[in-house]
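J.: Got a structure here, written out as structure tokens. Questions coming.
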Amino acid sequence: MISSIYTFLVALVLLNHSCVRVCGDSSSGSAGSGVDFYVDVHSTYQNDTLCGASAETACTSIFAAYSSFLKSGGGADLNIGIASGVYIVDTDEGIDIHNGIRVTIKPFPSSLMDTGTGVSISSVDAINSLFTISSNSSLGVFGITFQDMGNIVSSSSSSSTDEPISTTVAFNNCTFTNNTNIISTSAAMITLRNCTFVNNNNNQDIQSTLINTLESIVVIDNCVFGHNGGDQILLLSNHSHTTISNSLFDANTASQSLIQIYGLNFTFINSVFQHNSSPSPILISKRTLNSFHTPANATIISSQFISNFDIIYQSPFLVISSDLYIVSSLFRNNIGGKSGVLDGIDSNIVIYQSQFINNYGGYGFSQLGTSLTIRDSSFKNSNWMFTLKSLLSIQDTFTIITNSNFTIDNYVLIDCINSSITLTGLNNFYYSSNDKHIDSPFNCSGVCNIANHESNQYQCPNPPPSPHPITLSPYSSSNSESLTTTSNNNNSNYNPRPTKVIDLLIILLIICCVLLTIVIIIFITCMIKVCRENRNYKKLEEQENLIQQQYMHTSDTE
């Protein structure tokens, strides 16, 4: 039954991904029937008012071509062919796409589009927005490099969840370098395919967000994000739906979270997220920017998260009041403060056929509240340079672990606090310890119940009495037994295992006391020595005065 549920879940996610991709293709901005205009930075045609109707009368800028198009009567579709060259945009050359106009910009001849290196657009001074798109309008850009720009695309579409999205933006085979903002939209369909985003938003004086969407649909496929900075790389919020597939996020740094997800559906498929650093590089939250609370669902499938670092010691993943599904993915050598991989708060988390290897923080993985389901997965930490309180920490959580492996050196496998754990199938727990306090793979605090359907091999050490039973997770079948702990008078004085930190603090306190005692003894000894020397000096001085008086008396007598 459980296996069928997981199979259905994976199939549903993949079907959803396919649907989103089809929608993305339909709005890719490909040219159909329409008016063709031409742009060539080397054009010698003098009439900028009515230029661009042919390659021989090409305009010298996209702005001039769009203006000429409007003056010629316009139409629904505008196809702009842009010749090889470097185009410098002035601050007053923003293009306002409105009234349902669909604009497509491609290099010409078409062979340039295959390389994507023939056309470059940049600006001397950052402009407010190169393209501003209104409702029912669209922009498609192919094979162009954007560099040294302010904001490239913004939309003035009204954001209402009751109305269908009518604004579309698509970039294909484009390169973005040293830009501050790239896309800032609301109620839009955003498609990014085969694009490269490198060294953007690294100006310490101007911190912003590369891609900022509100109530939008975002599809990112086969793209590279490398060495970018700013507040965030992606800020996705308020009913947005985002799919990232076949993409790489490498060596990015942000002052906030690299990817912030508020109140939306987020899917990460067959992609790599590595060597990134920021406070909680990925934040998934039910909260929206307008403080409304809407469901937030995130799905990670066949992806890798390697060597990511949380620079203020929280966790690489922070999940708040959301649902997270992790399927067939790898998490390795990630470092956080509270948790090495993930810190879940009031969330439902499902992990299926995934591996968590050598992730380090206060805990390897932490979940507070609601539910955690682990199936056919493995968690492993060797005795590396960082220490752990435990491999997995659960508090106030319904937990089901099925056919999974847990391995750790010198630390507790699972820290259970006021939670219930149901073990089904073949679970293997391997732990080695030189610590006399660690005599079980579990450390239990409060009311913690472990139900092992195969045997009683794994239980809480010295379980405390439980006055009330804890019910099983709602994921378990209705025929499952309720978990209770057996009262035991011999264990009424149960105390949790002291941690190594407490032991170390006690040792340091003793050492400090000894050192302080030695310092006090030395000080007293020195004071006594000084007092003695002063006393001897006074005696010597008195003797000298006495001798001097006797001498003077003798001299007077003579």
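The values are calculated or read from the model by the stated rules, or taken from the named source; none is laboratory data. What you see is a predicted model, and the numbers here were worked out from it, not measured in a lab. All Cβ positions, glycine included, derive from the backbone under ideal geometry; neighbour counts span all protein chains shown. Each accessible area value is taken on the protein alone, full model and side chains, heavy atoms only, with ligands, DNA and RNA left out. Shrake-Rupley method; radii C 1.70, N 1.55, O 1.52, S 1.80 Å.
J.: Give me the residue from the stretch 398-431 that is surrounded by fewer than 18 Cβ atoms within 10 Å (Cβ to Cβ) and of a type in the set (A, V, I, L, M) and, out of that set, modelled with the highest pLDDT.
T.: If we take residues in the stretch 398-431 being surrounded by fewer than 18 Cβ atoms within 10 Å (Cβ to Cβ) and of a type in the set (A, V, I, L, M), then Ile417 is modelled with the highest pLDDT.
J.: Another question, then. Of the numbered conditions (1) of a type outside the set (A, V, I, L, M, F, W, C); (2) open to solvent by 30 Å² or more (accessible area, probe 1.4 Å); (3) in contact with a Ser or Thr (Cβ under 8 Å, 6 or more places away or on another chain); (4) at pLDDT below 80, Asn434 satisfies every one except a single condition; which is it?
T.: Here Asn434 meets the rest and fails (3).
J.: With the stretch 224-279 as the region, which strands (runs of 3 or more DSSP E) entirely inside it contain at least 1 residues that are at pLDDT below 95, open to solvent by 10 Å² or more (accessible area, probe 1.4 Å) and within 21 Å of Asn179 (Cα to Cα)?
T.: By residue number, 232-237, 259-262.
J.: Any chance you could count how many residues in the stretch 357-375 are of a type outside the set (A, V, I, L, M, F, W, C) and under 13 Å from Ile414 (Cα atoms)?
T.: 5
J.: Which numbered condition trips up Glu93, out of (1) assigned to a loop (DSSP other than H, G, I, E, B); (2) in contact (Cβ under 8 Å) with a residue 60 or more places away in the chain?
T.: With (1) assigned to a loop (DSSP other than H, G, I, E, B); (2) in contact (Cβ under 8 Å) with a residue 60 or more places away in the chain applied to Glu93, the lone miss is (2).
J.: On the given criteria, is Asn200 within 20 Å of Gln147 (Cα to Cα) and surrounded by 24 or more Cβ atoms within 10 Å (Cβ to Cβ)?
T.: Taking the combined requirement at face value, the residue satisfies it.
J.: Return a yes/no flag: does the stretch 167-175 have any residue that is modelled with pLDDT of 95 or more and among the aromatic types (Phe, Trp, Tyr).
T.: Yes.
J.: Another question, then. For the stretch 41-74, enumerate the residues that are open to solvent by 40 Å² or more (accessible area, probe 1.4 Å) and touching a residue at least 12 places away in the same chain (Cβ under 8 Å). Give the derivation first.
T.: Within the stretch 41-74, the subset open to solvent by 40 Å² or more (accessible area, probe 1.4 Å) is 41-42, 44-50, 53, 55-56, 60, 63, 70-73.
Hits for the stretch 41-74 are Val41, His42, Tyr45, Asp48, Thr49, Leu50, Ala53, Ala55, Thr60, Phe63, Lys71, Ser72.
J.: Would you tally the residues in the stretch 304-328 being surrounded by fewer than 24 Cβ atoms within 10 Å (Cβ to Cβ), within 21 Å of Thr243 (Cβ to Cβ) and small (Gly, Ala, Ser)?
T.: Of the residues in the stretch 304-328, 1 are surrounded by fewer than 24 Cβ atoms within 10 Å (Cβ to Cβ), within 21 Å of Thr243 (Cβ to Cβ) and small (Gly, Ala, Ser).
J.: I've got another one for you. Which residue out of Thr554, Thr525 is at pLDDT 55 or above, of a type outside the set (Gly, Ala, Ser), in a helix (DSSP H, G or I) and surrounded by 10 or more Cβ atoms within 10 Å (Cβ to Cβ)?
T.: Testing whether each residue is at pLDDT 55 or above, of a type outside the set (Gly, Ala, Ser), in a helix (DSSP H, G or I) and surrounded by 10 or more Cβ atoms within 10 Å (Cβ to Cβ) leaves just Thr525.
J.: Would you point out the residue of the stretch 352-397, among those that are part of a strand (DSSP E or B) and among the small types (Gly, Ala, Ser), that is modelled with the lowest pLDDT?
T.: Gly364
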